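What follows is one structure encoded as C-alpha cells, with my remarks underneath.
The values are calculated or read from the model by the stated rules, or taken from the named source; none is laboratory data. Since this is a predicted model, take the numbers as computed values, not measurements. Don't worry about glycine lacking a Cβ; one is built from the backbone with ideal geometry, like all the others, and counts go over all protein chains shown.
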C-alpha cells in the first residue's frame, strides 16, 4: 500500500484551482476575439506602427525599418498630417531637404497649424529646412 502525504497547508500546488481560472478567463478572451474577427478586415488585422516605434527605429539607426513602417502608415492613412510631418522630420534628418519641405507642406495642407504636433517640433523642423518659423 502506497502512502500519500498531503502537501503542507502553507504551500499551494501551482496548478491548484487553475482549471477554474482557465475556464473563467478563456470566455473573456475568446468572445472578444471571435467578435473582433467579424468586424476587422484583413487590412486592419496588421496594426500600424506607432509614431514612437518609428522614431525609436530611426534613432537606433534602423533607417530602412523606420521608413518601411512609415510607408505602411502613409499607405493606410494617406491623409494623416502627423504621418507626413514625421516623414518630413526623417527626410530632413537624412539630408533630403526638398523631400522634407514637400512632406511638411503636405502635412500643413492637410491640417493647417498642425494641431497635435508639438509647436517646438514644428519650429525646429522649419528652422532646419530654412523656412520662416511662425
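Of all the criteria given as (1) surrounded by 11 or more Cβ atoms within 10 Å (Cβ to Cβ); (2) modelled with pLDDT of 50 or more, the one not satisfied by residue 44 is (2). Of the helices (runs of 4 or more DSSP H) that lie entirely inside the stretch 59-134, not one contains 1 or more residues that are in contact with a strand residue (DSSP E or B) (Cβ under 7 Å, 6 or more places away or on another chain) and over 19 Å from residue 49 (Cα atoms).
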